[in-house]
Amino acid sequence: MSVKDKIVLITGASQGIGRGIALRLAKDGANVALVDIKADKLEDVRKEVETLGAKATTFVTDVSKRDEVYAAIDHAEKELGGFDVIINNAGIAQVKPLADVQPEDLDRIFRINIDGVVWGIQAAAAKFKARGRKGKIINASSIAGHDGFAMLGVYSATKFAVRALTQAAAKEYASAGITVNAYCPGIVGTDMWVEIDERFSELTGAAKGSTYKKFVEGIALGRAQTPEDVAALVAFLSSDDSDYITGQAILTDGGIVYR
Ligand SMILES: NC(=O)C1=CN([C@@H]2O[C@H](COP(=O)(O)OP(=O)(O)OC[C@H]3O[C@@H](n4cnc5c(N)ncnc54)[C@H](O)[C@@H]3O)[C@@H](O)[C@H]2O)C=CC1
Ligand SMILES: CC(=O)C(C)=O
């Protein structure tokens, strides 16, 4: 399995799963374009990647803004000399009972978790076609893209939407040699889960840390997932070994959801 010398753009790369993917791909020989809204943390990840001997560039981008996503891909191509894979990883969570959801809640999460993936798909596909090259598009879904989770209903809807977009894009772009897949992590110990746990505590009175603990106790393999666990699947999906796979939303969750 190799991603050697591939040029991979990763959104949401400042921390958590995105950072884990960047470091894994760099170790495997890829060069990476790191994209996020958090400029300072992006630079920290760039230095970590370069320590591993890979080339890296950063581009501060809000994925909900179409022009910025197109500009990020142009930047990656110019700075790194090509463009082979996009990982539409950036996303936000939202913990709220459905009864309390307001129009602005929908707007915010849809713009990042759905619009951001649409812009990433269309901008990457346009660039692959312009370069006359095959390419790979890889999107972040979730176990919540396979099962709707209570208090995470709108979030779950966005992750179901990512699966739908992945399937539709796989069909639209197959003839251009572009594959489109999604990864579906389970309970990963990142800042996103710190926030989810805190919001559950505020809403239900659960002790701090107890919601995360309860979810982790439901994992068959008996431990929380790490960004490295997720990155292992994404490295495979980024490599030529996954060339015959398209339109799939692959679970990597240690045994929570079975499909
Ligand atoms: N942590 C978990 O348990 C799981 C996470 N996921 C998904 O994996 C992806 C990454 O999650 P984590 O690393 O855990 O989250 P995280 O909250 O630790 O990191 C998300 C990154 O995305 C960036 N981001 C947020 N909005 C952005 C925007 N508009 N434009 C550009 N960047 C933006 C943030 O600045 C941050 O660096 C998300 O799509 C999430 O929904 C899926 C399943 C489980
Ligand atoms: C954050 C997330 O996708 C879940 C379900 O944990």
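The values are calculated or read from the model by the stated rules, or taken from the named source; none is laboratory data. As the structure is a prediction and not an experimental result, all values here were calculated from the model. Side chains included, ligands, DNA and RNA excluded: accessible areas come from the protein's heavy atoms. Shrake-Rupley method; radii C 1.70, N 1.55, O 1.52, S 1.80 Å.
Annotations for the structure displayed:
- Spatially proximal lysines relative to K4 (Cα-Cα < 18 Å; intrachain offsets below 8 disregarded): K27, K55, K134, K136
- C-alpha center-to-center spacing [segment 111-185, segment 28-63] in angstrom: 22
- Here segment 1-63 was treated as a single set of alpha-carbon atoms; its pair distances binned every 10 Å from 0 give 28, 59, 13, 0 percent.
- Computed over protein heavy atoms with a 1.4 Å probe, the accessible surface of the chain works out to 44 Å² per residue.
- Largest first, the three principal axis extents of the alpha carbons in the chain are 53, 37, 34 Å in whole numbers.
- Centroid-to-centroid separation of segment 1-27 and segment 202-241 [C-alpha atoms, Å]: 19
- Relative contact order, whole percent, for the chain stands at 20, derived from Cα pairs under 8 Å and 6 or more residues apart.
- Crossing angle, helix 39-51 versus the chain [Cα axis fit, 0-90 degrees, rounded to tens]: 60
- Percent accessible area from carbon and sulfur atoms, segment 147-259, protein chains only, probe 1.4 Å: 56
- Helix 153-173 and the longest principal axis of the C-alpha atoms of the chain enclose an angle of approximately 20°.
- Among T204, T61, T51, residue whose mean-square fluctuation peaks in a GNM of the chain (springs only between Cα atoms under 10 Å): T204
- Helix 227-238 vs. the chain, principal-axis angle (Cα, 0 to 90°, nearest 10): 40
- For segment 56-124, convex hull volume per residue from C-alpha positions, Å³: 88
- Stokes-Einstein diffusion for segment 130-221 at 10 °C, viscosity 1.306 mPa s, with a Kirkwood radius from C-alpha pairs, works out to 105 µm²/s.
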